[in-house]
Amino acid sequence: MNSGTTTTLANIRPSDLPLELWNEILKLLSNVDKRTCLQLSRSFHDLTQPLLFSNTKICLGAPRVPPWRAEEKRATASELTQMTEQAARAHELLQHIADNTEFAHVIREMAVHACALLDPNPDISVFLKAFQNLTHLKTFTWRCSRPPLQPLLLEAIIKASGPTLTCVRMPASWQCVSLLARLPTLHRLGLARDRYEDGDTAEKPSDPMALDSGLFKGNGNTLRGIFLRGLGEADFLVAPLLAQCSHLRALSIHITTNNAHPLLSMLGNMHDALPSLVSFRLVYSAGVYVFHGGLPALASFLRNRRTLVRLDVTPDPAAKFRTAIDPTPVLEVLPGLTALKTLGIGMAVLHVRDEDLRTLNRYLPAGLSALLILFDALSSFETTLDTNILIDLIKRRPHLQYVHVWPPQRDQNADCYPRLLEQPLSMLRLVGWRRQLCSVIRDPSTGAVARTEPWPAEKIASGAADDFDCADWWWLLSAHVTDGPIETSDDDLWE
């Protein structure tokens, strides 16, 4: 914003234009220019402040580390300096929220990234004073547990913002989970155990069934999306969830228990639950055993769900499975999912055979617009995906715009990915291979196909839906490249 522009705006009164128009104009400015507008006049200050500070982040400690770089988590000297500066800025911002009620009322989303390595147990009094002023909060996020989210702090948030709070994402401390029953307007809930945490933040309560039935008894009619990740006792949450959250539209479960059979059996036994489900994800990690009755039970839960648009049933690509998992029971129900557009499917087999690819080709719906296929071969021998069969599978689904293939770790077919990028499907716009992504570009006049350079890892991990052109595409990949407590906002799913 140059000095001429500043002078012009200073002479304009906000009353000269409708409020809605001013909001649209100010949204187009950079944050630097918005900060300039704060100083023009009281009226411009009031118009601009919500645009700058409605979404507030408090960062305590280290920057987030992508899961596949966990071994690099040790802080360097520059990172230690950065963390010290972040801690000082966080304290200053919290103090400002505590001292300035008018500023606090502007905040609609509060996210605390609690990854402190220097001071994992700071004084929480400034948090408490700040949270007591957040009376218009809609979304509250607390990631990680250094320091942990204490019940006293969550109580302050609930007391201040209970009537307006619709989305909560937090670690799965049972003392805090029990407080969520006080939020009768809760729409979205994410409970997660950070994969880098030591110890178990999701220990069983003394009476888990009574606790969890109380949680969903208060929110069952309002909850639209639930995400459970890394919970050793997630099945205690799933039973009351299935029984009481009849309007739920999105459910994601990341299984980490050694025995997934109880949870899968529960889904199979309550196959009529959640009749409005639009989005369902089940990701299973290393050490998870899916017994013979597990996937048939899951298939029973999925069968004839004609409202289901998104489905992801895949192993974690970082997992090292010791037991083959045949997805055929789930594949057989796919033709009956008539609304399905986005699909993630995985196979953990001794070694990938051509017949496995042909089985996928036989069952995958023809109307898919996004597809992720993940293979895990248990054998130590090298394996090679048949490129021709894989390409034929893609060509038989002409509506595909995003295709992602996660081959076995020992796959030696270096030719497969370039050939996928050269396919003539007119609608194909994004192709992934393991952790690589490339956009596909076509010349509208000549039809010539070109591809972009691979996306940077940081861009993939940050997962902006705008980068992916479609929120469903990011949703499909997000469970495999991030460790966040809940995926995208996807407001259309929660209404």
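The values are calculated or read from the model by the stated rules, or taken from the named source; none is laboratory data. A quick note: this is a predicted structure, and the numbers were derived from the prediction, not measured. When we count neighbours, we look across all protein chains shown, and the Cβ atoms used for this are built from the backbone with ideal geometry, even at glycine. Please note that ligands, DNA and RNA were not included when accessible areas were found on the heavy atoms of the full protein model with its side chains. Shrake-Rupley method; radii C 1.70, N 1.55, O 1.52, S 1.80 Å.
Data table
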read-out	value
Area accessible to solvent at Glu102, 1.4 Å probe radius, in Å²	90
Ile441 paired with Asn100, simple spin-label distance in nm, labels 7 Å along Cα-to-beta-carbon	4.3
Net charge over other residues, Cβ less than 15 angstrom from the Cβ of Glu102 (K, R count +1; D, E count -1)	0
Flagged links, alpha-carbon separation over 27 Å, of Lys159/Lys217; Lys217/Lys341; Lys159/Lys459; Lys138/Lys341; Lys34/Lys159	Lys217/Lys341; Lys159/Lys459; Lys138/Lys341; Lys34/Lys159
Anisotropy class of region 91-160 from Cα gyration tensor, a/c 1.5 cut	prolate
Extension reserve of the Glu85-Ser125 stretch, reckoned as 0.36 nm per residue once the Cα distance is removed	12.4 nm
5 angstrom amide H check on Ile325, placed H, neighbours 5+ away	Ala348, Val349
Most to least accessible of Asp326, Asp312, Asp472 (protein chains only, probe 1.4 Å)	Asp326, Asp472, Asp312
Interchain or long-range residues, amide H under 5 Å from Leu374's placed H	Ile345, Gly346, Met347, Trp406
